[in-house]
Amino acid sequence: MTQRLAMLRILVFAYAAVWTVVRAPHLLDAIDLAPRRFDGIGPLWWLNEPAPALAIIAAVALTPIACGAAALGWRYRASSLTAVVGFLFLTTYRNSWGQIFHTENLAALHMGVLALVPAAAACWSMGKAERALHKTETDHEALSSAVLKALSVLTVGTYFLAGIAKLRISGFGWIDGDVLRHQIAFDNARKELLGDPKAPFGALMLRNSWTLAPAAIAAIVVELAAPLALVGRRIAWIWAGMAMVFHFAILAVMAIVFPYHLLGIALSPLLPIERLGTAVAGWHCRFRRRSMRLRSTG
Amino acid sequence: MRRWSIRLLPVFAALLVLSPLLRDPASDTYPLSTYPMFATDRGNVHRIATAVERTDDGFVRLSPKLIAGTDEAVLASVTVTRAVRLGEADILCEEILERLGADRQIEVRTETLDVVVLSVEGSADSTVTVHARCGGGP
């Protein structure tokens, strides 16, 4: 469990670092947007006008550095907290211009939990081991397990909420496929009218309208069944597979990218992701042994 | 963080992530969202606000970057819709013109059309309402 938590720390904070760098041009675009369009939301509800340009530039510059340091476990308490504050500020600020995006919510929540727990930097870390904080190895495993459960609960909770929202807003009529048809058509039409590329398979799905009701049922089943993934590893694997198909389908028919989910990081608290770390460590050891052999024979 | 509070972390996480259930589902925020994005039945006929460049041959569609200074089509769409709703189409038109160059002619407009027909057929009859026109050009 300690290794799984460490692997999650690496993946989540590395994702946030890369996201901030890749989206830096978009985040910096906000400096030139008309101030009248700004309306602070969430943690920035108190902000009535755009933040100074220097604050945006500083956040865009410092957040990936803090995220990178947190991923490496270097000065974890300070770096993880700075990373969370920076990432939350930038994503909230991005969402305060009239359109709330739903792609980074889970990453922000996962980072928040990981930053609360220094034990996340207990292994595969450049920092000093935090194990001294806890009396025994068993104790440490129990704590790691609790944190992993919290991260898993956040993952399945967001899917569950999305399913509930559909039922609360449109009722069970959502599954007849009409709502989905209109959503796909609207999203693609809007992209076309605003000079953005359309989804490659949107029109194909709309032409084959018999696919819409089964797709709607599948979508709502994935969302409402999410909490079952907490029951056991086998169910978690099955559900995670279905969730990945769900996100690739959204990408194909609506060209909407949920990068945190498509990369599988959103789902990784439910899976034995530590195997990735041990595999990398194993390759590293084999590589070192081989290069040492070559050096001694050369 | 105390050990007992870490053990209760999954419970806190559940309460936190499910807390939006106490809000109206349409009342969205960040990061604790109600996730209402695909929940509403939008119908098939829509009024979509956009901005185009007028040319001798008709018009050319503009990118989100030119319309609203962003690479996000959704944000560009919301920007035009909001400007039309608040009677600020003229201001938006001038902002677009600033990005494109004064010798061009910009039109901020609403197109009413069947989005299913447009997506399936590739084109659809639309009714155009012009809210603002600015710049030189044709």
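Could you go through the stretch A:22-30 and let me know if any residue there is more than 11 Å from every other protein chain (Cβ to nearest Cβ), surrounded by 13 or more Cβ atoms within 10 Å (Cβ to Cβ), assigned to a helix (DSSP H, G or I) and within 18 Å of the chain's Cα centre (by Cα).
Yes: the stretch A:22-30 contains one or more residues that are more than 11 Å from every other protein chain (Cβ to nearest Cβ), surrounded by 13 or more Cβ atoms within 10 Å (Cβ to Cβ), assigned to a helix (DSSP H, G or I) and within 18 Å of the chain's Cα centre (by Cα).
Of a type outside the set (Asp, Glu) and either loosely packed, with under 15 Cβ neighbours inside 10 Å or not in a helix (DSSP H, G or I) (or both): which single residue out of B:THR29, B:THR79 fits that description?
Testing whether each residue is of a type outside the set (Asp, Glu) and either loosely packed, with under 15 Cβ neighbours inside 10 Å or not in a helix (DSSP H, G or I) (or both) leaves just B:THR29.
If you scan the stretch B:47-71, which residues turn out to be at the interface with chain A (Cβ under 7 Å from one of its Cβ atoms), touching a Lys or Arg at 6+ places or on another chain (Cβ under 9 Å) and open to solvent by 20 Å² or more (accessible area, probe 1.4 Å)?
B:ASP71
Which count do you get for residues in the stretch B:27-45 that are more than 7 Å from chain A (Cβ to nearest Cβ) and of a type in the set (A, V, I, L, M)?
Going residue by residue through the stretch B:27-45, those that are more than 7 Å from chain A (Cβ to nearest Cβ) are B:27, B:32, B:45.
Then keep just the ones that are of a type in the set (A, V, I, L, M); that gives B:32, B:45.
Within the stretch B:27-45, residues that are more than 7 Å from chain A (Cβ to nearest Cβ) and of a type in the set (A, V, I, L, M) number 2.
Out of everything in the stretch A:57-105 that is facing chain B (nearest Cβ under 9 Å), open to solvent by less than 30 Å² (accessible area, probe 1.4 Å) and in contact with a Pro (Cβ under 8 Å, 6 or more places away or on another chain), what residue ends up being nearest to A:LEU154 (Cα to Cα)?
Step by step, filter the stretch A:57-105, then rank; the result is A:ASN105.
Residue-wise test of (1) within 14 Å of the chain's Cα centre (by Cα); (2) on the phi < 0 side of the Ramachandran plot; (3) among the aliphatic types (A, V, I, L, M).
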{"residue": "B:ASP41", "(1), (2), (3)": "no, yes, no"}
{"residue": "B:VAL45", "(1), (2), (3)": "no, yes, yes"}
{"residue": "B:ILE48", "(1), (2), (3)": "yes, yes, yes"}
{"residue": "B:ARG54", "(1), (2), (3)": "no, yes, no"}
{"residue": "B:ILE67", "(1), (2), (3)": "yes, yes, yes"}
{"residue": "B:THR79", "(1), (2), (3)": "yes, yes, no"}
{"residue": "B:GLU88", "(1), (2), (3)": "no, yes, no"}
{"residue": "B:GLU107", "(1), (2), (3)": "no, yes, no"}
{"residue": "B:THR129", "(1), (2), (3)": "no, yes, no"}
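Among B:ALA124, B:ALA102, which is the only one that is open to solvent by 40 Å² or more (accessible area, probe 1.4 Å) and at pLDDT below 90?
Answer to the check: B:ALA102.
Sort through A:THR103, A:THR92 and tell me the only one that's in a loop (DSSP other than H, G, I, E, B) and polar (S, T, N, Q).
A:THR103
Consider only pairs whose beta carbons are under 7 Å apart and that are at least six residues apart or on different chains; among these, list those whose first residue lies in the stretch B:41-62 and is closer than 16 Å to B:ASP103 by Cα and whose second residue is among the small types (Gly, Ala, Ser) and surrounded by fewer than 21 Cβ atoms within 10 Å (Cβ to Cβ).
From the stretch B:41-62, the pairs are B:ARG54/B:GLY137; B:LEU62/A:GLY195.
Please go through the stretch B:110-120 and pick out each residue that is surrounded by fewer than 22 Cβ atoms within 10 Å (Cβ to Cβ), in contact with a Lys or Arg (Cβ under 9 Å, 6 or more places away or on another chain) and either in contact (Cβ under 8 Å) with a residue 40 or more places away in the chain or polar (S, T, N, Q) (or both). Let's see the steps before the verdict.
In the first step, residues of the stretch B:110-120 are kept if they are surrounded by fewer than 22 Cβ atoms within 10 Å (Cβ to Cβ); the result is B:110-114, B:117, B:120.
From what is left, the residues that are in contact with a Lys or Arg (Cβ under 9 Å, 6 or more places away or on another chain) are B:110-113, B:120.
Residues satisfying the conditions are B:THR110, B:GLU111, B:THR112, B:LEU113.
Please go through (1) facing chain B (nearest Cβ under 7 Å); (2) within 11 Å of B:SER119 (Cα to Cα) for A:GLY195 and return the number of the only condition it doesn't satisfy.
For A:GLY195, the failing item is (2).
Look at A:THR82 and say whether it is touching an Asp or Glu at 6+ places or on another chain (Cβ under 9 Å), free of Cβ contacts under 8 Å to residues at least 40 places away in the same chain and of a type in the set (Ser, Thr, Tyr). First the steps, then the outcome.
Details: touching an Asp or Glu at 6+ places or on another chain (Cβ under 9 Å): no; free of Cβ contacts under 8 Å to residues at least 40 places away in the same chain: yes; of a type in the set (Ser, Thr, Tyr): yes.
Spelling it out, it is not the case that A:THR82 is touching an Asp or Glu at 6+ places or on another chain (Cβ under 9 Å), free of Cβ contacts under 8 Å to residues at least 40 places away in the same chain and of a type in the set (Ser, Thr, Tyr).
I'd like the full set of residues that are of a type in the set (Asp, Glu) and over 30 Å from A:LEU206 (Cβ atoms), limited to the stretch B:85-128.
Result: B:GLU88, B:ASP90, B:GLU94, B:GLU95, B:GLU98, B:ASP103.
Tally the residues that are in contact (Cβ under 8 Å) with a residue 12 or more places away in the chain and buried (at least 22 other Cβ atoms within 10 Å of the Cβ), restricting the search to the stretch A:164-174.
2
Being surrounded by 20 or more Cβ atoms within 10 Å (Cβ to Cβ) and within 14 Å of chain B (Cβ to nearest Cβ) is the requirement here; does A:ALA16 meet it?
Answer is yes for this residue.
The values are calculated or read from the model by the stated rules, or taken from the named source; none is laboratory data. For clarity, every value in this text was computed on a predicted model and none was experimentally measured. Glycine also receives a Cβ, built like all others from the backbone with ideal geometry; neighbour counts cover every protein chain displayed. In case anyone asks, the SASA skips ligands and DNA or RNA and just uses the protein heavy atoms, side chains included. Shrake-Rupley method; radii C 1.70, N 1.55, O 1.52, S 1.80 Å.
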